[in-house]
Each structure stands twice: as structure tokens, then as C-alpha cells.
Amino acid sequence: MDQITDRTTVNGKKSRSRVLEMSINGETHEITVKPRVMLLEAIRDKIGLTGTKDGCESGTCGACTVLVDGQPTLSCISLAVENEGKDIRTVEDLADGDNLNFLQEAFLDQGGTQCGFCTPGMLMSATALLEKNPKPTRDDINKALEGNLCRCTGYNSIVDSILQASDQGVKPRLL
Amino acid sequence: MQPLPNFQYLEPETIHEAAKLLMDSGTQSMVISGGTDMLPSMRQGIFSPDVVISLQAIPHLRDVEWDDTEGLKIGPLATLRSLETNAEILQHFPVIAEAAHAVGSPQLREMATVGGNICLDTRCYYYNQSENWQACDQECLKLGGETCKAAPSGRAKKCFAVFSADLAPVLVALDARITLLSARGERHVDLREFYTGDGAAPHVKAPDEILTSVLVPKQMAGIFGVYQKYRIRNSIDYPIAGVALTLRLNGPDKSAKKLVKDVCLVISGVASKPLVVKKIPPLLNGKALDDALIEEAALLAKKAALPLANTGGERAHRKQMIYEFTKKAFEQAINNGSQIS
Ligand SMILES: Cc1cc2nc3c(=O)[nH]c(=O)nc-3n(C[C@H](O)[C@H](O)[C@H](O)COP(=O)(O)OP(=O)(O)OC[C@H]3O[C@@H](n4cnc5c(N)ncnc54)[C@H](O)[C@@H]3O)c2cc1C
Ligand code: FES
Ligand code: FES
């Protein structure tokens, strides 16, 4: 950890790598990164979890959404160094091995995923919503997903997926 | 992924240490709060500080508290999401929660801070572009070039990049005061005086100053406030026309006879600063609102708005939206008249 000793002295253009202990999906990963590395790059390229998607890289599309201490966060515009010591959850946290969780199953049942590029971000925003509000209304869901763009589904099937997952009378469509 | 330029990253643990580091590292250093504004720009190569100073390790900068003598104190690192749900804000200044809620998307509000919103960089089609795009033409004024490409003449020596924040105009309308700290000392600035109107240097904060606190004065508590926003996509975009209105309606009777007091109208997204429409208070203070007066006020606001074709939306339409929102804001004030004094 000696890289961190010059934390608070100005040192020209030096941007030393740092060893970070990142808690991802309950596991601690030690990675060495420059300060400029984004949380998204750390998760995908350093840790190798490629479920989180790299979309617009500018905070607009939500494909890179992960949960940081339970809150949906855009990993493409958040520095990895700022997330050390925080509890980070990615889409890989949802399934148990090959068994998808109830929310992922509902997305399959409703056709809530087509090309699938937006899906990891959608699932994480939806997970945060359901943890705070187990029975969200259609309007609550629309609001919670405002920062997640989908080019394929037209959104209705995604909203239905979340209604199904929260056990609010929406039945599986595809069986 | 397009990598960011390299920088040294510092995490001071006190605000004075941060101020000293900022001073020591000279003009090539920047403070980072939520990073939602500066990191996308750094990725595009618009600027590349040598040193980035995080405020996250400094305690109490996220605090929001009500002080019985002074008013509402907001720490610069308070997230916009935290303002949306803060009990003191909902009680004394619900319009702050309304404006915070109008920003970006849920993820952005979770990350975005008050300090970053106040110090937001101005935006322009000719400025917020990648290095490759920039390389195709001469640099614009804000990037160090000679002239502003957004100005209709193409030869203006003033930068017309747009101030595009939602919370800042509401804080201006609420007469907020900010504290700026540097290794040279501390000063208080009225937020209204903070903005210059020059897109290239939008505010008077010196490079070595840190915004350490926002105060919304106690006298403003309970004032009626409303914020209206127009944007391309309702779920994520910056405002391309915004109207913040605060006022009191005083009088014994039902709404019609109530007299306007302390009115302030601020428009956003249509100039290089949150623009206070100065002719509104002399027009309305001491008078009872009626359709003709509201029409006159809306026309004044529309006239004050000078949008250029350098951000989303069509110019005439954005001006018209300022007019419509101003009318709507006053109508809301009247409808709420029975609840305000
Ligand atoms: C897709 C997208 C949509 C957006 N939509 C909106 C919108 O609708 N409305 C809106 O208002 N904004 C919008 N924003 C802009 C931004 O998210 C917010 O304005 C936010 O509040 C900025 O805060 P921050 O903490 O992330 O700023 P940062 O990026 O951390 O900082 C912004 C600037 O302020 C300076 N700064 C920050 N804190 C301090 C401080 N304490 N002292 C001195 N200087 C400081 C930084 O050096 C930098 O120059 C959007 C951004 C994105 C990417
Ligand atoms: S990749 Fe992060 S918001 Fe699009
Ligand atoms: S499923 Fe293709 S973008 Fe949403």
C-alpha cells in the first residue's frame, strides 16, 4: 500500500497507481489502478465482470448502472478511487449460479429484454427500487427507470416485468 | 473506453488542507464533488487538470441544517437526492426539493452535488465536443480561441455558452449566499452576484477558492416558490428554458386582493448565467395580480431571454416557453394564494 503515502502532497503531473480494495458483490478484490480509471473500467477490465455495460460513457444512457451502497450509480462517470470501501453490486450479483433471480425471470417472461444491452442497468435500477419500495406503481417504476434508456422494447414490457416481479397481478406472457 | 487524461488525485481530510493544496497546485488543479459535470468533459478532452482534489473525505460537507437565527445551511457536498427528501427543506423551502428533482435522472441526482450545480460549467454545441470534432475547426473562445462561434456574427469577442443548471436559479431567487474559502481567507458572496454572464468565465470564484457553504436566509422561509423546466427528453436532459419564481402574496382577503411582495423571477438555460429579470419587482411589488399584469410580466421575461442556437431546442420556441412558464408560475402562485402569506 506504499503507493498511497503521498495522498496529500502536490507532486507535479504524477499520477501514481494505487492499490484499491474494492468490495464487489460481497467479495473483496485488490486492484491496482491510476486515479483516472473509472469504476466501469475497474469492474469490466480489471475485475473481469463484463455484465455491466459500457454505453454512452457520458452519464446519459444508464447501461453502466451499478449499486453503490444500495444507490443506483453511473459507473462510467465515477472514479474507481472514490468507490474504495463502498459496497458495490453489479448485475452478476443477482443470479445464484445458473439460477436467475425472480426479477431476471420476470424480464424473460415479459420480453423485458431484447438485444439486452440496457438490461444490466435496468435490472440494477429496478433492484434498488424494489429494495426501497416492494410494491411500486407503474408511475413509481417509470420514475425509477428515467435514467435507463432502451432502444428495443418500448419500455412497457420492462415495466410489466417489474410489476410481475413485485407480484402485482401481471402474469407471465411467454411460457 | 476512451480513457481520461492522467492526473494526480488528492484526498485532503480538512477543508483548510484542501484550500492549501488547491493553492499549491496552481491553476492546473480542480476540485471534484460528484464529478457528473467535469468527468464527461475531461473524457472529451475539454480540459485536463494535473491535480484533482476530492472533497469526499472531509467531514460534515454533506450536512443540511436549519439554524434558527440564520436560516438553512446546505453543505456543498449534499447530493441533490438528499435535498429532495430533507425534512427542513420540505418544510421551509419546498421549491429547492422541486428544483433538485428536476435535475437529470435518478442516478445523476444520487451523485450530483449542490456545490457542483452552483459551479456548473456553461454548455455549448461548439464547446462540449470531442477533441476530434474540435480539431476540424478553429477553437472557440471558451477553448482559448479568438471568437465565439455560437454568436450569430461568428465574430463575437464574448462567449455565449449557456448556464444550464436547475437548482442554482432557484437558489438565486431565494437570495442565497455562498461562502468561498481559499488559503487567502474566506468571503461571502450573494449568489446573485456570483455569476458574471460571461460564458467563458461564468462566475467570480477564483481558481483557488472552494465553495464551502450555501445559506438560504431565514427571512425567506415560507415564501412561495415554483420552478418550471423545459428540456428535450423529460427524464435526463439539461434545461433549455427554466423559470424560477418566488414571491409572497399579502392581504386579508381571498387570493384576488392579495398584494405581491418580494417577487423575484430568474430564468435559466437561456443566457450565460441564471438571469434575474430586473423589471419584474418594480412592475409587480405592491400590486394585486391579474391577467393583464401576468401577461406583462411574461412578456418581460420572454424579452429578457436571449437563447442562441448553441444548445438543444429552437430559439423562438425556447423564448416562448419562458413566456408560458412565467404565466404558469404566477397562476400557480395565485392558486396557492390561500396557503401563503
Ligand atoms: C446526462 C447529464 C444530464 C444532466 N442534467 C442536468 C440537469 O437536468 N440539470 C442540471 O442542473 N444539471 C444537469 N447535469 C449536470 C450535473 O449533473 C449537475 O449540475 C450536478 O449538480 C453537478 O454537480 P457535481 O457534484 O457532479 O459537479 P462536479 O462535476 O463535481 O463539479 C462541477 C464543477 O464545479 C466545481 N466544483 C464542484 N464542487 C465545488 C466546490 N465545493 N467548490 C468549488 N468548485 C466546485 C468543479 O471543479 C467543476 O468545475 C447533467 C449532467 C449529465 C451528465
Ligand atoms: S455508459 Fe454510463 S450512462 Fe451510458
Ligand atoms: S433491450 Fe435493447 S436496448 Fe433495451
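Being polar (S, T, N, Q) and within 26 Å of B:Leu141 (Cβ to Cβ): is that true of B:Thr27 here? Against the criterion (polar (S, T, N, Q) and within 26 Å of B:Leu141 (Cβ to Cβ)), B:Thr27 qualifies. How many residues does the stretch A:110-136 contain that are under 15 Å from A:Ser75 (Cβ atoms) and either aliphatic (A, V, I, L, M) or modelled with pLDDT under 95 (or both)? Final tally of qualifying residues: 4. One residue is enough: does the stretch A:87-109 have a residue meeting the conditions surrounded by 22 or more Cβ atoms within 10 Å (Cβ to Cβ) and away from ligand 3 (no atom under 16 Å from the Cβ)? Yes, the stretch A:87-109 contains at least one residue that is surrounded by 22 or more Cβ atoms within 10 Å (Cβ to Cβ) and away from ligand 3 (no atom under 16 Å from the Cβ). When each of B:Pro76, B:Pro59 is tested for being within 14 Å of the chain's Cα centre (by Cα) and either more than 26 Å from A:Asn142 (Cβ to Cβ) or modelled with pLDDT under 95 (or both), the lone residue that passes is B:Pro76.
Residues in the stretch A:26-45 that are more than 10 Å from chain B (Cβ to nearest Cβ) and buried (at least 17 other Cβ atoms within 10 Å of the Cβ) were compared, and the one that is nearest to ligand 2 (Cβ to nearest atom) is A:Leu39. Counting the residues of the stretch B:1-56 that are within 25 Å of the chain's Cα centre (by Cα), farther than 17 Å from A:Ser15 by Cβ and facing chain A (nearest Cβ under 7 Å) gives 3. Evaluation of B:Glu296 against the conditions (1) under 18 Å from B:Glu324 (Cα atoms); (2) modelled with pLDDT of 95 or more; (3) buried (at least 22 other Cβ atoms within 10 Å of the Cβ) shows that the sole unmet condition is (3).
When B:Asp208 is tested against (1) away from chain A (no Cβ under 14 Å); (2) within 14 Å of ligand 1 (Cβ to nearest atom); (3) of a type in the set (D, E, K, R), only condition (1) is not met. On inspection, A:Asp96 passes the criterion of being over 16 Å from the mean Cα position of the chain (by Cα) and modelled with pLDDT of 95 or more. When the stretch A:12-57 is limited to residues that are in contact with a Leu (Cβ under 8 Å, 6 or more places away or on another chain) and β-branched (Val, Ile, Thr), the one that is farthest from ligand 1 (Cβ to nearest atom) turns out to be A:Thr32. With a requirement of 2 or more residues that are surrounded by 15 or more Cβ atoms within 10 Å (Cβ to Cβ), the strands (runs of 3 or more DSSP E) lying completely within the stretch B:127-224 that satisfy it span B:177-182, B:210-217. If you go through the stretch A:123-149 and keep only what is of a type in the set (A, V, I, L, M, F, W, C), within 12 Å of chain B (Cβ to nearest Cβ) and away from ligand 1 (no atom under 16 Å from the Cβ), you end up with A:Met124, A:Ala126, A:Ala128, A:Leu129, A:Ile141, A:Ala144. Residues considered: B:Val243, B:Val214. Of these, the only one that is touching a Ser or Thr at 6+ places or on another chain (Cβ under 6 Å) and of a type outside the set (Lys, Arg) is B:Val243.
Restricting to helices (runs of 4 or more DSSP H) lying wholly in the stretch B:71-121: which have 3 or more residues that are buried (at least 24 other Cβ atoms within 10 Å of the Cβ), within 11 Å of chain A (Cβ to nearest Cβ) and out of contact with any Phe, Trp or Tyr (no Cβ under 9 Å at 6 or more places or on another chain)?
Values: elements: B:80-85, B:87-92, B:94-101, B:106-111, B:114-118.
Output list reads B:106-111.
The values are calculated or read from the model by the stated rules, or taken from the named source; none is laboratory data. Keep in mind the model is a prediction, meaning the values are calculated, not measured. We place every Cβ from the backbone using ideal geometry, glycine too, and count neighbours over all the protein chains shown.
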